[in-house]
Amino acid sequence: TMAHSEALLVLENFIAGKFVPCSSYIDSYNPSTGDVYCRVPDSGKEEVEAAVKAAKAAFPIWSSKSPLERSQILNKLADLIEHDLEAFAQAESKDQGKTITFARTVDIPRAVYNFRFFASSILHHTTECTEMASVGCVHYTSRAPVGVAGLISPWNLPLYLLTWKIAPAIACGNTVVAKPSEMTSVTAWMMCKLLEKAGVPHGVVNVVFGTGAKAGEALVCHPDVPLISFTGSTLTAQRITEKSAPHCKRLSLELGGKNPAIVFDDADLSQCIPTTLRSSFANQGEICLCTSRIFVQRGIYSEFLKRFVAEAKKWKVGNPSDPTVDVGALISKEHLEKVRSYVKKAQAEGARVLCGEGVNSLALPTGNQKGYFMLPTVIAEVKDESSCMQEEIFGPVTCVVAFDTEDEVIERANGVKYGLAATVWSSNVGRVHRVARRLQSGLVWTNCWLIRDLNLPFGGMKASGIGREGAKDSYEFFTEVKTITIKH
């Protein structure tokens, strides 16, 4: 009915400091109800062209500002988002399906911090200088922004991961054309409303909404976008690499993971179990850093499993806006089906599903019957070569298997195509360092999970990506270095 459709939120592209309507739109669903609640521009070549043009035009003025001037603007933007934290959290929870608690405590505060962090770090970079007295020369390096940065962010941590790209890109003096996921575009659109008030000049940040196949492709193929930062699937990254190769673009790719947790028999289970539940099921398991393979040393395997399953059953699934809920809705109907299919596959292969999907019944509130919900699911006795142990599931599913020796578990942990993050649980300091060195993983957490210092490199090995981002690494990625030699 018309009356119903008028209530839908309709987003517009943000180009050259103005909201611009689009000729066609796509539906975006509220994952907790299964209803369409928002219409997102279905942008393509034309819209991307206009955004790149605006970004190019804004580049000379923005790039000539001092780091301090840019820093002050980033801090102002952080303050404005923080001022509207509750509205942003509500929007993120509704659009993505995550719990309001997670959006309030993780997503939006981290988006604010991304701007503050890079506003600070941009003031502290220094360049190198060397002398060659024997030939009377001095060499030094100089860094300059690259130009228009194409930033493509995913649906799992929408504003958090978008700002992790925008903040360093503009702090370094680049201008931006960003494309958030078409499934979770609302908080990016809300941020656009604050840019002018923060003092961001028109054209410095442009946001084009739409699908990867249309809008993303146009951005990646644009000859005037020398740099692409992408977070998402390995499959899409392969396509980006192929499409950007003729233009010799600079790429930073943060891709999937199949992250192991290794629990040795001297682990402190009172810490390990609650943290490993979080690392498996936080944000519905939709974080690239989530644990999906848990290797437990045989001596404590049955105790770990019993306690882990008992605690997993206590996690409450339901309406994301209920502050007592631990697990919200998965992003889409298709994604829910895909995650469920992995559980079915494991059962068909003879693995045991100990709790969750197909084992326990899920009672949902009246308004959420059609939402995309799933219980935290624990699978045991899965073979290492099973697709559940090899492929990224990206849902509230984790596999628990036993191991005997340190050498064996390292080989098994490394036996996947990914290498993003790993967690190690042990009270033996020597073992912790030994294992951390041998794991093929960009990040290793010991006796903790998801504690991040943004100064340090973030990124993965193997199929988990190319490049690193963090204070120094992002600065290097978003600037071009020049070596200058002077004879005196």
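The values are calculated or read from the model by the stated rules, or taken from the named source; none is laboratory data. The shown structure was predicted, so the numbers you read here are calculated from the model rather than taken from an experiment. In this analysis, Cβ positions are derived from the backbone assuming ideal geometry, glycine residues included, and neighbour counts consider all displayed protein chains. Ligands, DNA and RNA are excluded from the accessible area calculation, which covers all protein heavy atoms including side chains. Shrake-Rupley method; radii C 1.70, N 1.55, O 1.52, S 1.80 Å.
Enumerate the strands (runs of 3 or more DSSP E) found wholly within the range 85-177, keeping only those where 3 or more residues are open to solvent by 10 Å² or more (accessible area, probe 1.4 Å) and in contact with a strand residue (DSSP E or B) (Cβ under 6 Å, 6 or more places away or on another chain). Steps first, please.
On the way: elements: 129-132, 137-145, 148-152.
Correct list: 129-132, 137-145.
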For the structure I just gave you, tell me whether S63 is under 26 Å from I170 (Cα atoms), not in a strand (DSSP E or B) and not β-branched (V, I, T). yes
Out of T324, T291, report the one residue that is closer than 20 Å to A402 by Cα and among the β-branched types (V, I, T). T291
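What number of residues in the range 222-231 are open to solvent by less than 20 Å² (accessible area, probe 1.4 Å) and either assigned to a strand (DSSP E or B) or under 21 Å from T163 (Cα atoms) (or both)? Let's see the steps before the verdict.
Start the filter on the range 222-231 by keeping residues that are open to solvent by less than 20 Å² (accessible area, probe 1.4 Å), which leaves 222, 225, 227-231.
Narrowing further to those that are either assigned to a strand (DSSP E or B) or under 21 Å from T163 (Cα atoms) (or both): 225, 227-231.
Residues that pass the stated criteria total 6.
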Being more than 23 Å from A169 (Cα to Cα) and open to solvent by less than 50 Å² (accessible area, probe 1.4 Å) is the requirement here; does K249 meet it? no
Inspect all residues belonging to the range 344-363 and state whether any of them is outside the structural domain of T184 (by the TED database), within 27 Å of G419 (Cβ to Cβ), touching a helix residue (DSSP H, G or I) at 6+ places or on another chain (Cβ under 8 Å) and not in a loop (DSSP other than H, G, I, E, B). yes
Residue selected from the range 284-299 under the condition touching a strand residue (DSSP E or B) at 6+ places or on another chain (Cβ under 9 Å) and part of a helix (DSSP H, G or I), by the criterion surrounded by the most Cβ atoms within 10 Å (Cβ to Cβ): Q284
In the set V416, V409, V429, the lone residue that is outside the structural domain of A119 (by the TED database), touching a strand residue (DSSP E or B) at 6+ places or on another chain (Cβ under 6 Å) and either among the aromatic types (F, W, Y) or more than 30 Å from H125 (Cα to Cα) (or both) is V409
Out of M191, M183, which single residue is open to solvent by 20 Å² or more (accessible area, probe 1.4 Å) and within 19 Å of the chain's Cα centre (by Cα)? M183
